[in-house]
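The values are calculated or read from the model by the stated rules, or taken from the named source; none is laboratory data. As the structure is a prediction and not an experimental result, all values here were calculated from the model. Cβ placement follows ideal geometry from the backbone for every residue including glycine, while neighbour counts extend to all protein chains displayed. Just so you know, the surface numbers come from the protein's heavy atoms only, side chains and all, with ligands and any DNA or RNA stripped out. Shrake-Rupley method; radii C 1.70, N 1.55, O 1.52, S 1.80 Å.
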Amino acid sequence: VRHGHIVHERYAGETGPDRLHNLKSATKSMLSLLIGIALQTGDLEALDDRLAYFFPEYFTSSTDSGKREISLRHLLMLRSGLEWDEWGPNTIEMMRSDNWIRYVLERPLAHEPGTVFTYSTGDTQLLVGALQKASGLPALEFANLYLFQPLGITQYTWPTDPQGYNVGGADLSLSPRDMAKIGYLVLNQGQWDGQSLVRPAWIEDATRQHSTVVPPDAGSYPPLYYGYLWWLRPQAGHASAI
């Protein structure tokens with residue numbers, strides 16, 4: 001895309017410009033945009049609001065007071081402190097459980113919230129649940145109202161967990177051309193066709209360093225940082241939805 005127009009596209013096999021593709025974990029970055037919009041609309045008040053406010057039913061008998069300190073900001077940074085092995089059993093066990101939110105919240109608190117980065121689809125499931133609780137809309141309906149319709153995106157799928165919460169960290173499907181619209185929107189600080197769909201301040205905040213994943217002195221590996229559900233490589237000058 002150059003100056004708002006497609007100048008080249010190439011597809012292999014059975015793929016195509018309008019065929020839906022599962023975004024996998026790039027869904028997390030789409031969720032980041034929705035959180036920014038929810039702050040803009042007033043559905044969410046502040047990033048430091050604690051998770052217990054949105055899910056009091058899961059904290060009535062909790063003996064671990066530390067979990068009550070988990071905030072939306074911690075979830076955006078993937079720093080809830082909850083024990084999680086993304087490529088071990090946890091993600092699969094969560095998806096096989098009859099209540100994904102409860103499964104994640106029952107994980108032991110391994111670190112003080114806000115202190116340690118742990119890549120976790122569990123964190124994003126808590127975050128999408130908080131968004132739905134606050135807005136009164138499933139995340140997909142919220143996205144359609146405030147993001148997809150203004151962008152002219154009409155084809156999409158996004159499955160839900162047993163309680164009806166969309167999958168916070170994966171499985172949103174869009175076409176390549178519509179994903180390019182998302183990229184162009186972020187590149188232009190949330191502006192689209194004269195409208196401010198996402199505040200520039202949110203784009204800036206979401207795509208700046210909040211966590212260090214690979215430190216600058218880690219041997220031959222280049223520095224790798226994390227924003228609010230965006231991967232950052234400052235040496236390349238870009239943020240990535242991966």
**The listed residue being at pLDDT 95 or above and within 15 Å of Met30 (Cα to Cα), out of Tyr119, Tyr146, Tyr103** = Tyr146
**Request:** Kindly establish whether Thr15 is surrounded by fewer than 18 Cβ atoms within 10 Å (Cβ to Cβ) and among the hydroxyl-bearing types (Ser, Thr, Tyr).
**Result:** yes
**Request:** Using the structure shown, decide if Ala38 is over 25 Å from Pro200 (Cα atoms), of a type in the set (A, V, I, L, M, F, W, C) and touching a helix residue (DSSP H, G or I) at 6+ places or on another chain (Cβ under 9 Å).
**Result:** no
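Kindly evaluate Ile6 against the criterion of being touching a residue at least 24 places away in the same chain (Cβ under 8 Å), open to solvent by 70 Å² or more (accessible area, probe 1.4 Å) and hydrophobic (A, V, I, L, M, F, W, C).
yes
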**Request:** Output the qualifying pairs, or none if there are none: Cβ atoms under 9 angstrom, residues six or more apart or on different chains, first residue in the range 183-209 and closer than 22 Å to His3 by Cβ, second residue hydroxyl-bearing (Ser, Thr, Tyr) and outside any helix (DSSP H, G or I).
**Result:** Val186/Thr207; Gln189/Ser196; Gly190/Ser196; Thr207/Tyr228
**Asked** With respect to the numbered conditions (1) farther than 14 Å from Pro162 by Cα; (2) surrounded by 15 or more Cβ atoms within 10 Å (Cβ to Cβ), which one is the sole condition not fulfilled by Ile92?
**Response** (2)
**Prompt:** If you check Arg79 against the conditions, is it in contact (Cβ under 8 Å) with a residue 12 or more places away in the chain and of a type in the set (Lys, Arg)?
**Reply:** yes
**Asked** In the range 19-55, how many are of a type in the set (A, V, I, L, M), under 19 Å from Tyr156 (Cβ atoms) and open to solvent by 20 Å² or more (accessible area, probe 1.4 Å)?
**Response** 2
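Here are some residues: Arg102, Arg68. Which one is in contact with a strand residue (DSSP E or B) (Cβ under 8 Å, 6 or more places away or on another chain) and farther than 22 Å from Gly227 by Cβ?
Just a single option satisfies the conditions, and that option is Arg68.
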**Residues of the range 13-42 satisfying the condition of being among the acidic types (Asp, Glu) and in contact (Cβ under 8 Å) with a residue 40 or more places away in the chain** = Asp18
**Message:** I'm told Asp161 meets every condition in (1) closer than 25 Å to Val7 by Cα; (2) open to solvent by less than 60 Å² (accessible area, probe 1.4 Å); (3) acidic (Asp, Glu) except one. Can you identify the failing condition by its number?
**Reply:** (1)
**Request:** Kindly indicate the residue of the range 65-85 that is open to solvent by 10 Å² or more (accessible area, probe 1.4 Å) and part of a helix (DSSP H, G or I) and also farthest from Gly122 (Cα to Cα) among those meeting that condition.
**Result:** Ser65
